[in-house]
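Shown next, in structure tokens, is the structure this report addresses.
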Amino acid sequence: MSNLTKSIPADERKMLRKAFWRSFTLYAAVSPAKQGASGFCYSLMPFIDKFYKNDEEGKKAALTRSMSYFNTTITCSTFIMGLVASMEKKNSEQKDFDASSINAVKSSLMGPLAGIGDSIFWGVLRVIAAGIAVGLGASGNVLAPIVFLLLFNIPSILVKYYGTFLGYKLGSEYIQKVYASGLMNILTKAASIVGLIMVGGMTASMVTFKSTYELTMKGESVLNLQSMLDQIFVGIVPLGLTLLCYYLLKKKNISITVLIIGVIILSILLSLFGIA
């Protein structure tokens, strides 16, 4: 047993192992609105059941927090799970704990860890493993696919396993230091800002609109709608659509399913009328 796992109480080590095995279901039920939220919640349930055993309202709140949007490289996901589990433990023990900091910290870590994880495991490790396996396969070695799976999955699984314990251990120590120094409010605000920046970046890259409408006179273009929109504000339509959806979701309580269907219908109509 490593020093990392040995320093954690036996019952909590058992729960961390459960979270590790459950993390393989992270993206088993993906939705556009939540991504891996259901898998994240399922992975944390052993902790939530234990920490809020005698607090039904606290348990409901913890489950609701765990069902918020979650999306990061699966290899790095367990580090966030361990960190969130340690924060849930503190929240269950301390009445003055700021529960909003849990999701703020979780959201702020998703983007950076996704960038690191995708670069290392998908961009580097996978390519190296595939290169070795392709070389073996070209020479007629039937073990080539097995070699690829081993070279890619063994490091990934080890990082996932120990990442669970590392996140939990660092989380406990980090929370104690932050509370002792009075920096929790600053950290929560900073984490919220980082999370909003990440959402803004996702909006800019994932919500797109390009108009094909062009008004011509005597064979010459007199109005290009997309060019005119870009002169006003680049990305004004995606931004406006995102803000409209947010308003309808938060203020009018319209379900995410209705919004998705509405955007699909709007896209079809714009295409039929030759606008986009």
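The values are calculated or read from the model by the stated rules, or taken from the named source; none is laboratory data. The model shown is predicted, which means the values in this text are computed figures rather than measured ones. Neighbour counts run over all protein chains shown; Cβ positions are idealised from the backbone, glycine included.
Things worth noting here:
- All conditions but one from (1) part of a helix (DSSP H, G or I); (2) at pLDDT 85 or above; (3) out of contact with any Pro (no Cβ under 7 Å at 6 or more places or on another chain) apply to residue 178; the one that does not is (2).
- Number of positions in the stretch 209-228 that are in a helix (DSSP H, G or I) and either of a type in the set (A, V, I, L, M) or exposed (fewer than 14 other Cβ atoms within 10 Å of the Cβ) (or both): 3
- Within the stretch 32-41, at least one residue is of a type outside the set (D, E, K, R), under 17 Å from residue 164 (Cβ atoms) and assigned to a loop (DSSP other than H, G, I, E, B).
- Selection within the stretch 229-266 - more than 18 Å from residue 32 (Cβ to Cβ) and surrounded by 12 or more Cβ atoms within 10 Å (Cβ to Cβ): 229, 230, 235, 236, 237, 239, 240
- Test result for residue 196, part of a helix (DSSP H, G or I) and at pLDDT 85 or above: no
- Odd one out for residue 8, checked against (1) β-branched (Val, Ile, Thr); (2) surrounded by fewer than 18 Cβ atoms within 10 Å (Cβ to Cβ); (3) in contact (Cβ under 8 Å) with a residue 60 or more places away in the chain: (2)
- The residue that is surrounded by the most Cβ atoms within 10 Å (Cβ to Cβ), among those in the stretch 61-117 that are of a type in the set (Asp, Glu) and farther than 18 Å from residue 193 by Cα, is 88.
- Lone qualifier among 216, 208 - being without any contact (Cβ under 8 Å) to a residue 60 or more places away in the chain, of a type in the set (Ser, Thr, Tyr) and under 20 Å from residue 31 (Cα atoms): 208
- Annotation: residue 189 fulfils all but one of (1) over 19 Å from residue 70 (Cβ atoms); (2) at pLDDT 85 or above; the unmet one is (2).
- Inside the stretch 5-55, residues that are under 21 Å from residue 159 (Cβ atoms) and of a type in the set (S, T, N, Q) make up a count of 6.
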